[in-house]
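Trainee: I have a structure here, written as structure tokens, and I will follow up with some questions on it.
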Amino acid sequence: MASSYPVVLVTGSDLAEEALSLLKGFSVVYAGKQPSEDELYRLCQQHNPVAIIVRYGKINARIMDAAPHLRVISKHGSGIDVIDQKAAAERQISVQSAPGANAAAVAEHTWTMILACAKAVIPLDRRMRQGYWDKSTHKSVELEGRTLGLIGLGAIGSRVARIGKAFGMKVLAYDPFAKSFPDECESSSLEGLLQQADVISLHCPLTEQTRHMINSDRLNQCKKGAILVNTARGGLIDDEALLAALDNGTVSWAALDSFAVEPLTAPHIWQSVENVILSPHIGGVSDNSYVKMGTAAANNVLKVLAEPVKRAATLS
């Protein structure tokens, strides 16, 4: 039976209670974990939502056309590359995001990854469990006095910069769109950053201009033995080029929280690579960020739906 309330479709299986309380005047429909395009299309046909809150999956023109009353697509987070923005604009559907809502969580996860690489946390743990005691032979990487290179300096990159400065690192940042740079870091060209950085961390969106920005040419510019961390978007890195750089020692460690194709399922390219640390795109998922992203997404829905409906121009 169709709901008497306008529908908000959530491309996931849950939403924070605080977000749900903001959507009391709506019927919230969940698409479930990792919904496919066909499942989202069917749900849009069935419920004709006025809004979609995007947690997982991609929203394309086909899905939009299945919901004639759709007015807003609101990302549960900051990355809107999973939404066909051109198709949305053509249909006068607003695309919203929640920048900064998960900044603390992603920055913390970035540093978890950096430290795990620099201090060889995983291999040391593995060796200990196998009965080895490597105190006389092991030397970790000390970060004080080293250079941290940040590609992207938004809410997340700025937090990572402050923590890097607290560790006593020199912090370089490449961001052609930044209007100013905080005291914790210096502006740099991308080439200069790659040549100097001992640790490189990605914090930029995925666009046609940034896709595969970390490729064989760029990796060949890196300082020998650099650590590369990606808690942004998987498509920023050419996987085959990174694999080669890890093999020849150009990159000593990589830590990846996002991938070009998700979910990452076995068999996959990184499965047998020992100097790569993997996590399933959970950098932005914490107890607090779950609430902040949910409430921001819900508030964005309410904001757009409160605006007058824009009508397409007609010929007289």
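Every read-out reported here was derived from the displayed coordinates using simple, explicitly stated rules and does not represent laboratory data. Values in this document were obtained by computation on a predicted structure and should not be read as measured data. Neighbour counts run over all protein chains shown; Cβ positions are idealised from the backbone, glycine included.
Trainee: Among H109, H69, which comes first, second and so on when ranked by fewest other beta-carbon atoms within 10 Å?
Mentor: Least crowded to most crowded, the residues run H69, H109.
Trainee: What is the list of residues in segment 1-37 whose amide nitrogen lies under 17 Å from a point 7 angstrom out from the Cα of V291, following Cα to Cβ?
Mentor: Correct set: 15-23.
Trainee: Here is a further query. With a 10 Å radius around each residue's Cβ, average the other Cβ atoms per peptide and rank 100-106, 277-283, 59-65, highest first.
Mentor: With the highest mean Cβ count within 10 Å placed first, the list reads 100-106, 59-65, 277-283.
Trainee: Let me ask you something else. Treating cross-link reach as a plain straight distance, find the lysines whose alpha-carbon is under 27 Å from the alpha-carbon of K58, omitting any fewer than eight places away in the same chain.
Mentor: Partners within reach: K24, K33, K75, K86, K292, K303, K310.
Trainee: Sum up the charges of everything whose Cβ sits under 10 Å from the Cβ of T110, counting Lys and Arg as +1 and Asp and Glu as -1, but leave T110 out.
Mentor: Net charge around T110: -1.
Trainee: Ok, one more. Report, to the nearest 10°, how far helix 287-305 tilts away from the longest principal axis of the Cα atoms in the chain, using its own Cα long axis and a range of 0 to 90°.
Mentor: 40
Trainee: 7 Å from Cα along Cα→Cβ at both K170 and S272: what's the point-to-point distance in nm?
Mentor: Label at K170, label at S272, 4.0 nm between them.
Trainee: Which entry in (1) 1.26; (2) 1.11; (3) 1.19 matches Cα Rg over 2.2 N^0.38 Å derived from the coordinates of this structure?
Mentor: Read-out from the structure maps to (2).
Trainee: Quick check for me: using +1 on Lys/Arg Cβ and -1 on Asp/Glu Cβ, what's the dipole size of the chain about its Cα centre, in debye to the nearest 20?
Mentor: Here the size comes out at about 460 debye.
Trainee: Right, another one. Beta carbons within 10 angstrom, averaged per residue: use that to sort the peptides 145-151, 30-36, highest first.
Mentor: The packing order, highest mean first, is 145-151, 30-36.
Trainee: If a paramagnetic tag sat 7 Å from the Cα of S140 along the Cα-Cβ line, which residues of segment 275-293 would have the backbone N under 19 Å from that point?
Mentor: 275-278
Trainee: Sticking with this one: Among E17, E144, E39, which comes first, then next, by fewest other beta-carbon atoms within 10 Å?
Mentor: E144, E17, E39
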